[in-house]
Structures are given as structure tokens and as C-alpha cells.
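**Student:** Pasting a structure below so you can have a look.
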Amino acid sequence: MVDWGVEQPEAARSGWRRTRRWRPSTADAALALVYAVALAPLTFFEVFGSAARWPWWSAVVVVAFLVLHGSVAARRTYARTAFVVASVVMLALATASLPGLPSFAVLLPSSAVYLVILYTASAGGDRVLDLAAVVVGLVGACLIAVIGLLRGVADPQPLVVLTGFVLASVGAAWVLGRYRRESRRTAAARRLAQAQALELEMQRERERIAQERRRIGRDVHDVVAHSLAVMLAQAEATRVLLGRDDDRARESLDSALAVGRSAMVDMRGMLGVFDDAGEPAPLKPGPRLADVARLVENSSSPGRTASLVEVGEERECSAAVHAAAVRIVQESLTNTLKHTHPPTRTEVRVEWAPDLLVIEVIDDGREHAAQPGVAGRGIRGMRERAEQAGGGFRSGPREDGSAGWTTCVRFPLGPYSPSTMRGPRVNG
């Protein structure tokens, strides 16, 4: 289908006002020139051939057709103005076709360009022009039929054919314009949907990146803070034991070195996303609850006692629960080392209930830096880990009023399969 050009919706709604483009586009001017070159010579030949004795009539008709051809160039830039001018011209040509005048001027070849005006009015998105195009087109077709009768057409069959042809032409121009408008709206809606989908996908990608950054930040914080706290505690113990108990001092130093090496391995696993060849590095298995025993053991040093208590049969749970539980225990032990002075005693209690995993870290430190209701980065990170794994989190002073701090996290488990509950097993 030939695209005669369509007025943009914002331009069509502007009415009599100017659009942003103050003059017709080159394409519209070229199209108007093409129609003029194709139709005007035939029209003018007919005018001057049939009205040699009517110079004033010929001049009026020629000027009217020139204005009609010119309105094609402005039909999009000044949509309503062009439509009104073209309609007035067609009415003038109908008047110039009344009985007693030389020719049926309104049916000359150049009149066909009015269909382009009707098409543009229907396709532009202006409701006023859309309605006016239908009404004026139908009225014009009826007017042509009336003029035909007045001019004394004896045979009604040609008049009926002529009227039907004019009505069909007007209807076709209007329908094509509506189809063009709806096609453009559908395409715009499709583009908008694609743009929104792309923006949504980009937003999701940004959120995934942000979540990954937060996760890496929490992991780095947990690993580095815990490892440094343990190494400092062991180094402090080594300094105290040097010259008094060299064997225990050597054990503390070896423990600090082991923790440092382990931290380096963990850091490489978290940050080494790609190896030297640019290929994805093999993923290291995530932390498991079995690693809690090693954390408790590393947190023990002269003046600081840490023990692990396990109650109940171990149940199957997700990797997210394993990772969250280990990191929360790790951060809790780190807080005890950072915010209290020895001697301290810390108990890590892991309880497997039928449908619940409860982990508590309780210390008796007397100089805890954190205050009730104040959540630092470590506590905020623990709460986020617990919530992401579907658990509940609480951290604050001990409920019995004694000195110390309690961190408790609860993770719901799946359906319970009967097993024998056993008493507490104490390590450390």
C-alpha cells in the first residue's frame, strides 16, 4: 500500500496551531508536485477546451485546482487548515458545475487529490478531522449526485454509477486512513512493549548485579573480619604465652597461620570468578554446617573458650540454609572477639527440631560495643542472610539479664520424617 503520509498525533491534535515544523516537508511538497504534474495538464486541457468563451470561469476553476494541489503539500503540517481549504475548494468547484456553466468541474481529474486529503484527515489521529472527513465526503458525494440531476442527466444509470463510484472512493480513502492509523498505533504499542520489556530486563539485571555485589560484600566482610579477629586473638595469646609456655604459644601461632591460609583460599574462591585463561573458574562448594565445628575450634584461645552443642538428629536442608547458618555463626563469633575482652565463654548451640533448625550463639562478654536496637553492618548482614534463606533473626543482650550477647536464628525445615532425638553432644 502506498503511504501518502500521515500526520503525527501531536501535530494533528494541534488544530489550527502550527506544529513544530513551520513549513511543509520536502516529501509532502514532492508528492504534491507529482500529483500536479500527473493530473493538472489533463484538467487544464479540459477546462480550456470546453470553456473558450468563459474566461472568468476558466480562471476561477484553474485557481481552485492550483489551490487544491497546493493543499496536498500542507496536509500534514497544517492538517485542519489544509482540510478546510480543500473542502472549500471542492464546494467552489461543485458550484462551478451548476447547470448553465461549461463543464462538470468537480469531476475533473485533479479533483482526485481531495481523496488524499481525506485519507490524511482519517489517518492523522485527530478525532475532529476523522469525523469531518466522513461527513464532508458523504455530503460531497450527495451534492455531486444532485448537481448531476440538475444538469439534466436523462439516463439514471450513469448517475447511479457515478454516485456509487464517488461514495466508494470516499469510503476507501477513509478506511485506508483508519487502517494506517491503527497500524501505526499497533506498531507504536509493540515498540513501547519491547522497550518496556528491555528496560525491565535491564532493571532486573541491575538488581541481580546489586544483589551479587551485596552478597560478595557480605562474604568478604564475614571471611575477612572473622579471620582477622581470630588471627589477632591467637597473636595476642601467643604474645602472652611467649616465655611462659612456648609449646602453647607455637600452637596459637600455627592456628593463626592456618586461619590466614584458609581466609586466602576463601577470598580466591569468592573473587576469582575467572581464571587466567578467561574461562569460568570451578565453583568451590559453599559452606556447610559441618564447618561450624572448625569455626568454634579456631575461635578458642587462652582466655577465650568456645564450645559447640548439637541437639537432635541432623536434617536435610537447602544449601542456602547451610551457607546462611555458617556465616551467621562466623559473624557472631567475630563480634565476640572484636567487642569483648577476655576472659569470655561462647556457646554455639545447634538444635534440630522436627520442623525447625535453631542456632544460638551466646557469650558472656561484659564490654559489648553494640547497643540494643543498634544494628551495625555485621548484624544487618546476618539479618539479610537469614531472611533470604527464609529464616527469622534476633540479636541483642541476653534475655536473662546477665552480661553478654545472644544471636539466634531460626530456619523452617521441610516435613519431618520420624527419627530418634538424642541428647546434647558437647564439643570444645
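**Student:** Considering only residues that are open to solvent by less than 20 Å² (accessible area, probe 1.4 Å) and touching an Asp or Glu at 6+ places or on another chain (Cβ under 8 Å), look in segment 312-327 and name the one that is farthest from V350 (Cα to Cα).
**Tutor:** Taking the candidates together, the pick is V326.
**Student:** Might you check whether a residue that is out of contact with any Gly (no Cβ under 6 Å at 6 or more places or on another chain), modelled with pLDDT under 85 and on the phi < 0 side of the Ramachandran plot occurs anywhere in segment 343-353?
**Tutor:** Within segment 343-353, not a single residue is out of contact with any Gly (no Cβ under 6 Å at 6 or more places or on another chain), modelled with pLDDT under 85 and on the phi < 0 side of the Ramachandran plot.
**Student:** Here is a list of conditions, (1) modelled with pLDDT of 85 or more; (2) touching a helix residue (DSSP H, G or I) at 6+ places or on another chain (Cβ under 6 Å); (3) within 29 Å of V161 (Cβ to Cβ), and A105 meets all of them except one; can you say which number that is?
**Tutor:** Unmet condition: (1).
**Student:** Oh, and also: Return the residues of segment 194-217 that are among the hydrophobic types (A, V, I, L, M, F, W, C) and in contact (Cβ under 8 Å) with a residue 24 or more places away in the chain; say none if nothing qualifies.
**Tutor:** Residue satisfying the conditions is I216 alone.
**Student:** Ok, one more. Kindly provide the set of residues from segment 155-175 that are within 14 Å of A123 (Cβ to Cβ) and surrounded by 17 or more Cβ atoms within 10 Å (Cβ to Cβ), ordered by number.
**Tutor:** A173, W174
**Student:** Now, a different point. Scan segment 10-25 and give yes if some residue there is buried (at least 22 other Cβ atoms within 10 Å of the Cβ) and modelled with pLDDT under 80, otherwise no.
**Tutor:** yes
**Student:** Condition test on E399, is it acidic (D, E), surrounded by fewer than 22 Cβ atoms within 10 Å (Cβ to Cβ) and either closer than 16 Å to P412 by Cα or at pLDDT 90 or above (or both)?
**Tutor:** When the stated conditions are applied, E399 does not pass them.
**Student:** While we're here: From E347, E351, grab the single residue that is over 16 Å from R288 (Cα atoms), open to solvent by 20 Å² or more (accessible area, probe 1.4 Å) and in a strand (DSSP E or B).
**Tutor:** Every option except E347 fails the conditions.
**Student:** Please list, ordered by residue number, the helices (runs of 4 or more DSSP H) wholly in segment 50-144 having 3 or more residues that are surrounded by 19 or more Cβ atoms within 10 Å (Cβ to Cβ) and polar (S, T, N, Q).
**Tutor:** In segment 50-144, no matching helices (runs of 4 or more DSSP H) lie anywhere.
**Student:** Of the numbered conditions (1) open to solvent by less than 80 Å² (accessible area, probe 1.4 Å); (2) assigned to a helix (DSSP H, G or I); (3) at pLDDT 65 or above, G243 satisfies every one except a single condition; which is it?
**Tutor:** For G243, the exception is condition (2).
**Student:** A173 is checked against (1) in contact (Cβ under 8 Å) with a residue 12 or more places away in the chain; (2) under 35 Å from the mean Cα position of the chain (by Cα) and fails just one. What number does that condition carry?
**Tutor:** Among (1) in contact (Cβ under 8 Å) with a residue 12 or more places away in the chain; (2) under 35 Å from the mean Cα position of the chain (by Cα), A173 violates only (2).
Yes or no, residue by residue, for (1) within 30 Å of V106 (Cα to Cα); (2) without any contact (Cβ under 8 Å) to a residue 12 or more places away in the chain; (3) polar (S, T, N, Q):
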site	(1), (2), (3)
P158	yes, yes, no
F165	yes, yes, no
S169	yes, no, yes
R184	no, no, no
L192	no, yes, no
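**Student:** Can you find a residue that is without any contact (Cβ under 8 Å) to a residue 40 or more places away in the chain and open to solvent by 20 Å² or more (accessible area, probe 1.4 Å) anywhere in segment 298-306?
**Tutor:** Scanning segment 298-306 turns up no residue that is without any contact (Cβ under 8 Å) to a residue 40 or more places away in the chain and open to solvent by 20 Å² or more (accessible area, probe 1.4 Å).
The values are calculated or read from the model by the stated rules, or taken from the named source; none is laboratory data. Every value quoted in this text rests on a predicted model; they were computed, and no experiment measured them. Positions of Cβ are generated from backbone atoms using ideal geometry, with glycine treated the same way; all protein chains shown enter the neighbour counts. These accessible areas exclude ligands, DNA and RNA; they are computed on the full protein's heavy atoms, side chains included. Shrake-Rupley method; radii C 1.70, N 1.55, O 1.52, S 1.80 Å.
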